[in-house]
Every structure is written in structure tokens, then in C-alpha cells.
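Asker: Handing you this structure, nothing more for now.
None of the figures in this text is laboratory data; all of them are computed from the coordinates on show. Given the structure is predicted, the values throughout are model-derived calculations rather than measurements. So basically every Cβ, Gly included, is an ideal-geometry build from the backbone, and we count neighbours across all protein chains shown.
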Amino acid sequence: MTLMTRAAPAALLIGLSAPAMAQMAEPTTPPDPPPFAAQGEPNFVNRADIFEFRALDSYDQPEFMDAFVEAGMLPPVEERLPEEPMVYSADNMPDGAGAYGDVMRHVIGGRPEGWNYIAGQSQGWGGIDIGMYECLTRTGPLFMVNPEDLEPLPNLAKSWEWSDDGMQLTVNLVKGAKWSDGDPFDAEDVMFYWDHHVMDPEITPLNGANPETFGQGTTLEMVDDYTVRFTFTTERPEQVLYSMAYGTFCPGPSHILAPEHPANNPDNSYEDYRNAFPPDFLNFPVMGAWVPVEYRADDIVVLRRNPYYWKVDSEGNQLPYLNEMHYRLSTWADRDVQAVAGTGDFSNLEQAENYVESLRRAAEDDSPARLEFGPRIIGYSLYMNLSGNGWGEPDERAQAVRELNRDIDFRIAVSTALDRVRLGESLVKGPFTAQYPGGLYAGTSYYDKDSTVFYPHSIEAAKAHFEAAGLEDTDGDGFYNWPEGSPAGDGNVQITLLANTDYQTDRNLAEGVVAMMEEAGIKVSLNLMAGNDRDATRDSGRYDWRVERNTSELITVVQNTSELASTGPRTNPVHYANDAGELDLLPFEQELADTVTAFMETNDPEERAELMKQYQKLYTENLYGIGLTQYPGALIINKRFANIPSGAPIFMFNWAEDNIIRERVYVPEDQQADHELYPEALPGAPGSDGPVTAG
Ligand code: BQZ
Ligand code: CA
């Protein structure tokens with residue numbers, strides 16, 4: 001996709017005389033997005049309408065598991081469940097209590113590194129980790145919770161109490177819940193995660209939990225086998241309940257992991273520990289509904305139902321209803337294709353390039369899948385590395401880029417050089433994309449248009465600000481040169497742009513930025529990497545600029561709040577601390593961090609709304625991130641599945657793989673397909689070579 005021919009730049013530059021200087025950018029409020037109504041409407045309920053924790057008189061399981069109990073391979077279901085399991089109310093299920101059987105066939109673009117999530121390994125995304133690792137609280141389903149009851153859902157933490165002075169939170173765990181190999185889940189697993197991962201500077205769990213995530217100076221202690229207690233430095237930080245959800249407080253099986261951790265095994269380095277459970281270590285114990293029983297590299301991951309899963313429906317049937325999960329290891333684009341073709345069962349339609357074809361296919365009468373658009377919550381931004389004190393060991397060229405990045409005129413120049421209408425249309429025509437200034441999204445609960453600064457597209461303004469940043473095309477070849485006396489020399493400015501090659505959209509937007517920068521006289525080269533490598537390169541600071549799809553904090557604010565700014569040494573990858581732990585924040589960055597910290601330390605709704613207006617103004621006026629485009633996503637699910645909640649967004653507090661509550665999704669018996677690869681089998685012992693049958 002080329003946006004402009006090479007000739008243009010030189011011609012445009014010639015006019016760089018006095019008049020240009022006057023044409024500095026004139027910020028406005030952002031243009032209104034084209035109207036685009038979400039297709040589905042959630043059925044709003046209170047949290048207690050969805051499930052409760054209580055003991056039932058009797059429980060049941062899929063028939064094929066009876067043979068395992070008779071063979072003594074498994075205790076009876078009532079002994080496998082906790083004293084008070086989580087009980088999903090059949091009345092709240094869109095299609096009522098379900099039938100056992102069948103499979104959900106996912107297609108994903110990521111690749112599993114291994115099962116050690118809390119040591120930072122990726123499982124390939126696309127719902128694998130969300131399905132395997134349960135967390136203390138849960139937020140995905142909050143899209144259907146009444147605003148007046150909006151607080152995280154209990155999960156492995158079945159209840160909690162604040163101390164009168166609000167300085168402590170006592171958390172009660174689900175008593176008697178077990179890992180999928182039968183080992184008890186208890187406070188030992190919670191403390192192992194906290195003490196030897198969150199609080200261990202050598203480790204960053206996947207999804208980035210760090211001490212700031214839970215509030216400056218927060219501590220956690222074990223009270224007894226099923227109770228832990230947080231102690232805070234500020235009063236009643238209710239925010240922490242969101243940090244106890246996915247992706248930042250999902251404990252791992254300490255009975256398997258602890259023996260490999262350097263704290264207990266001096267022969268192991270942290271790298272050894274991280275890689276101690278590769279993808280072919282099968283039957284890795286989980287608290288989630290399905291356990292990995294087969295892995296074929298670049299081919300498939302198969303998971304079978306967890307016989308110790310600690311949730312049931314209100315008729316006493318142990319969940320999940322689906323016996324198997326498949327994750328085909330392919331590409332994200334293929335996920336859309338297979339979902340509308342019916343050879344895959346699920347997709348978050350999030351790559352705008354696929355919208356027209358997917359809509360066409362899904363509209364056909366015999367379409368095997370239904371497609372439903374949600375709100376405009378997919379957004380992409382250009383982020384500049386704002387570290388000036390050595391994070392990522394920059395060489396002279398890279399250091400010179402960071403000094404430009406830290407100059408507001410340079411950031412304004414880059415923002416005004418971007419034509420967001422053209423960027424959006426290069427992905428998909430029609431009412432989908434909107435110009436995105438950056439920061440909180442239009443249409444989300446804390447967004448305020450009047451607090452949002454937008455720098456309209458103008459090449460003239462861009463040039464005026466590049467010159468204000470001290471740049472000049474000293475050798476007249478159409479490209480700006482390094483400022484006078486720069487250690488990077490006197491050649492043309494050279495910038496690299498990091499982007500995720502796993503997504504067409506990421507590549508297309510990155511190429512669009514390169515082309516528009518070339519038009520404006522700045523040389524940018526692409527550095528495309530696969531997701532896991534991109535994440536590692538970003539988090540080590542070895543980048544100048546990056547184009548990235550934003551995560552949930554810019555939608556909900558209350559989820560991953562600490563990541564909205566550099567509230568700590570490693571909270572926002574625009575600016576991590578250097579190896580000495582020093583953060584050389586620009587004044588506006590410090591104000592951003594203080595505003596976010598103040599937000600996390602107050603529960604007053606007006607004060608919180610006001611603080612987010614300040615955050616949005618600081619963010620968009622100073623171009624903390626430079627927004628590119630914003631558009632809606634659509635959920636594609638095969639029509640044979642029941643209990644899909646209406647209006648489930650593909651992304652809000654979490655991805656749809658969490659939002660739709662997969663453990664209570666089922667296929668009516670008369671529509672079940674024969675896709676199970678290991679019918680009537682259950683996970684085997686951890687580390688053994690696959691699933692087992694009762695025969
Ligand atoms: C959804 C999601 C479930 C991560 C990932 C992937 C990683 C990022 C992001 C999305 C994928 C799918 O997103 O695109 O639709 O299935 O997995 O976890 O982009 O590279 O690091 O933040 O969630
Ligand atoms: Ca030049």
C-alpha cells in the first residue's frame with residue numbers, strides 16, 4: 001500500500017521561507033467520529049444475578065467421567081468440588097443450563113513460549129492464557145453489569161472485607177478448590193505469586209504486574225490457608241480490586257513451579273525458571289476450565305476439560321459444558337477467514353482490512369457464523385521513546401532521536417504531518433474509522449471532548465514545528481538533517497519504527513506513518529517483528545518509535561490504571577527507568593503520573609472524573625502518545641453455540657474470550673459436531689505425554 005509517489009517531498013520543501021514559520025499548528029477539539037451504532041445491547045444485571053458461591057445438595061458430571069470414578073482414577077464429583085463452588089444461575093444464562101459436549105475451535109496468530117505465565121512467558125494469546133489461568137477477581141463480564149453495581153466480580157477471591165480505617169483488605173479464597181491435578185489451591189499459591197514474582201525485580205509476569213500495579217508501598221500477608229490480607233499506604237484504594245483481575249493477579253501452581261524458582265533452587269537461573277515448562281510439558285496444572293493435553297509446534301494446542309473445575313450451574317452440573325478447546329496455530333487474519341467460513345468457531349474481528357469481506361460472507365443466508373459489531377474500542381497510536389537517560393542503551397543516533405522525541409515542537413510536527421483520514425481509509429472505507437487524537441477514547445465513560453486537544457493535519461504546520469525543533473534540510477535533499485553539532489552527525493535524521501508483523505493492520509499503519517513522514521521530510525525505516533519479539537524489544541527500550549494497538553486502560557481507565565503513565569519504573573513503555581532505576585520524566589509526564597496516582601487514591605466519582613479530564617488535557621496537548629485511528633470491532637461466533645451474552649464487546653475490561661464466559665457456553669445436543677480429538681479422555685498427570693481414558 002503506497003500512499004504517495006516519491007517525487008512529492010522535495011517540491012513541498014522548497015517553500016520553507018518566512019511565511020511557513022507563521023503557520024504553527026492551531027489545536028482544536030477533535031472532529032466528531034462518523035456515527036456508528038453498536039449492533040448488540042447487553043442485558044444489564046447485578047453481579048449476584050450471574051453467580052453466587054453456595055453448596056448444593058448434589059452435583060453431576062459428564063457421563064463418560066463416571067468410568068474414571070468407578071476405576072478409582074478420580075474421586076467422586078462432590079469431593080472434587082470446593083465446599084461452596086461458584087454456582088452460575090441458569091436464569092441468567094441467555095439460553096439456560098446447557099448440554100455437555102463439543103469443542104470451540106480457536107485460530108490464533110501467536111505462538112506458545114511455554115506455560116510459565118507468572119514468569120512472563122506467552123501462551124500465544126487468543127484466549128489460551130485467559131482460559132487456563134484464573135485470577136482473584138474477574139472483570140471481562142462487567143460490560144453487562146449495572147453501573148450502580150460496577151465493581152469487579154469475585155472469582156478465586158470469593159469475598160473480601162475492608163478494615164474500618166480502609167488501610168487493609170482481607171481476601172477470602174475459595175475454600176477447597178483444587179488445581180486440575182487435584183492439588184489444593186490455597187494462600188501458598190497466592191503468596192508464591194506475590195513474594196517471588198510481583199515483588200521479585202528479576203521477574204515480570206505476562207501482562208506486566210509490578211509493585212505499582214497494587215498501589216505504592218502495598219504489602220500482602222498470609223492470614224491462614226484460605227485468607228490473605230493487603231495493607232495499603234492510602235485509604236481504601238478500591239482500584240486494587242481491578243488489579244486483582246486478569247492479567248495481573250492470576251496465581252500459578254506453586255507445587256509445580258516453586259521447586260524450579262531460583263529462590264528454592266540455586267542451580268536454576270531466572271531464565272531456566274522462565275523456560276522450565278515448555279509447550280510440550282503437557283497436563284500443566286491450571287485453575288481454568290481446560291488443560292493442555294497436546295501441543296504440535298506451528299500446528300495446534302488441544303485442551304481437555306479440567307475434572308477439578310470449581311464452578312457448576314444452578315442444577316449442579318460441573319462446568320465447563322464444552323469438553324475440548326482447540327487453538328490452531330496460524331495467523332490472526334486466518335482467524336477471521338476460518339470463522340466466517342465455519343472451519344473455525346470464534347474471532348475478534350479487529351483488523352479493519354478484513355471487514356468488508358467478513359461482512360459480505362456473514363450476511364449470506366447459509367453463513368455458519370453470526371457477526372455483531374460493538375463500540376469503537378480498537379485504537380492505534382504512535383508512541384515515541386521519551387527516555388533521555390539511557391534506557392535500552394541507545395547509541396548516539398538513538399539518543400539524538402530521543403532528544404527530538406522529548407521536544408514538544410517535534411511531537412507536534414509529527415502529529416500534524418499525519419493525515420488520519422487517509423490512514424483510516426487506507427484500512428477500510430466507510431463509517432468505521434475515526435480520527436483518534438490519542439488518550440482516552442471518544443465514547444468511553446471518562447472521555448471529555450472539551451479536555452481533548454487535537455492538532456489538525458497540515459504539512460505547513462508540520463514544517464514550522466520541525467524548524468522550531470531546530471531541524472533544517474542543510475543539504476537540500478528534501479530530508480531534515482540532525483540539528484547543528486548533534487553527536488549523530490550532520491546527515492539526515494534517521495528514525496526506526498517498531499511494529500508487530502503478526503497483524504496486517506499494524507503493518508499497514510506503520511507503512512502509512514513511514515510514507516507520511518517521508519512526505520514531511522523525515523526518514524523513517526520499519527522494524528517489523530513478531531509479537532513476542534516486539535514485546536521484548538519494546539520492554540527493553542530498544543526502540544525509537546512504535547505503532548501499537550492500545551490496551552484496556554485507555555478504554556476503561558479503571559483496569560491497568562497504573563499503566564496510564566510512568567507511575568513507577570516499569571509501568572508505561574513510553575518511558576521506563578534506566579538500569580540505575582532512574583526515571584527522567586519530562587514535566588508533563590510527572591504531572592500525568594501524579595494525576596493517575598491521585599486517581600488511584602480517591603474513590604470520589606466527581607474528583608475521579610475531574611482528574612481524568614486533567615489527564616486527557618495533559619496527554620493530548622503534550623502528545624504523550626500520538627493517536628492514529630479508532631474503529632469498532634465485531635464478534636464472530638459459529639451459530640451452533642448457545643449462551644453467548646448479547647452485546648458482548650470484543651474488547652473492554654478484557655477480551656471477548658473472557659467476556660462471553662466460555663465455561664457456560666454450550667452447543668445444544670442436536671447441533672453438536674464431532675470435532676473432539678480425544679473423546680472421553682481427561683488430562684493425565686503433569687508432565688506425562690498426553691490425556692488418559694478410563695479404559
Ligand atoms: C485477543 C487477545 C486475547 C496482547 C493480544 C496480542 C498480543 C498483545 C493482546 C485479541 C490477541 C488478539 O491480542 O489479537 O483479539 O484474542 O489476543 O488475549 O496482540 O501481542 O501483547 O496485549 O491482547
Ligand atoms: Ca537533508
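Asker: Kirkwood hydrodynamic radius of region 515-635 from all distinct Cα pairs, in Å?
Answerer: The answer is 16.3 Å.
Asker: Show me, bin by bin at 10 Å from 0, the whole-percent P(r) of region 244-324 based on Cα pairs.
Answerer: Binned Cα distances yield the sequence 16, 35, 35, 12, 2.
Asker: In whole angstrom, how far apart do the alpha carbon centroids of region 474-531 and region 306-361 sit?
Answerer: Region 474-531 and region 306-361 have Cα centres separated by 38 Å.
Asker: Given all pairs of different Cα atoms, what value in angstroms does the Kirkwood hydrodynamic radius of region 397-446 take? Please report the intermediate quantities before stating the final value.
Answerer: Working: mean 1/r = 0.0754 Å⁻¹.
By the Kirkwood definition, the hydrodynamic radius is 13.3 Å.
Asker: Okay, moving on. Toward the positive end of the charge dipole of region 540-592, about the Cα centre and with charges on Cβ (Lys, Arg +1; Asp, Glu -1), which of Ser566, Gly581, Ser552 goes farthest?
Answerer: Of the listed residues, the answer is Ser552.
Asker: For a quick size check, give me the Cα extents of region 149-302 along its three principal axes, largest first, whole Å.
Answerer: 52, 33, 28
Asker: Mind checking which aspartates and glutamates have their C-alpha under 14 Å from Lys463, skipping anything on the same chain fewer than 8 residues away?
Answerer: Lys463 reaches Glu26, Asp409, Glu472, Asp473, Glu518, Glu519.
Asker: How big is the Kirkwood radius of region 284-435, worked out from every pair of different alpha carbons and given in Å to one decimal?
Answerer: Computed over Cα pairs of region 284-435, the Kirkwood hydrodynamic radius comes out at 20.3 Å.
Asker: Using the crude model of +1 on Lys and Arg Cβ and -1 on Asp and Glu Cβ, and no other charge, please compute the dipole size for the chain relative to its Cα centre, in debye to 20.
Answerer: Here the chain has a charge dipole of around 1680 debye.
Asker: List the pairs from Lys158/Lys178; Lys449/Lys617; Lys158/Lys311; Lys429/Lys617; Lys175/Lys311; Lys523/Lys617 whose alpha-carbon separation is above 19 Å, in the order I gave them.
Answerer: Lys429/Lys617; Lys523/Lys617
Asker: Mind checking the dipole of region 30-71: about its Cα centre, +1 per Lys or Arg Cβ, -1 per Asp or Glu Cβ, Debye to the nearest 20?
Answerer: Roughly 300 debye for region 30-71.
Asker: Then there's this: Could you work out the per residue convex hull volume over the alpha carbons of region 459-549, in cubic angstrom?
Answerer: 104
Asker: So, one more: At 7 Å along Cα-to-Cβ for each site, give me the label-to-label distance between Glu606 and Ser163 in nm.
Answerer: 3.1
Asker: Taking H as built 1.01 Å from N, whose amide H comes closer than 5 Å to the amide H of Thr567, not counting residues under 5 places away?
Answerer: So Thr567 has HN proximity to Asn572.
Asker: Counting every Cα pair in region 118-172, what percent are over 18 Å apart?
Answerer: 52
Asker: Another question, then. Using the Karplus equation 6.51 cos²θ - 1.76 cosθ + 1.60 (θ = phi - 60°), what ³J(HN,Hα) coupling, rounded to whole Hz, does each residue of region 359-374 give in order, writing x for Gly and Pro?
Answerer: Result, rounded to whole Hz: 5, 4, 5, 5, 7, 5, 4, 8, 4, x, 10, 10, 10, 9, 7, x.
Asker: Only helical DSSP H runs with n ≥ 4 go in: add -39500 (n - 2.57) per run for the chain, normalise by residue count and round the 222 nm mean residue ellipticity to 500 deg cm²/dmol.
Answerer: Mean residue ellipticity, 222 nm, calculated: -6500 deg cm²/dmol.
Asker: May I ask you to order 445-453, 98-106, 500-508 by the average number of other C-beta atoms within 10 Å around their residues, highest value first?
Answerer: 98-106, 500-508, 445-453
Asker: Just to check, using Stokes-Einstein with a Kirkwood Rh over alpha carbon pairs, what's the diffusion coefficient of the chain at 20 °C and 1.002 mPa s in µm²/s?
Answerer: 81
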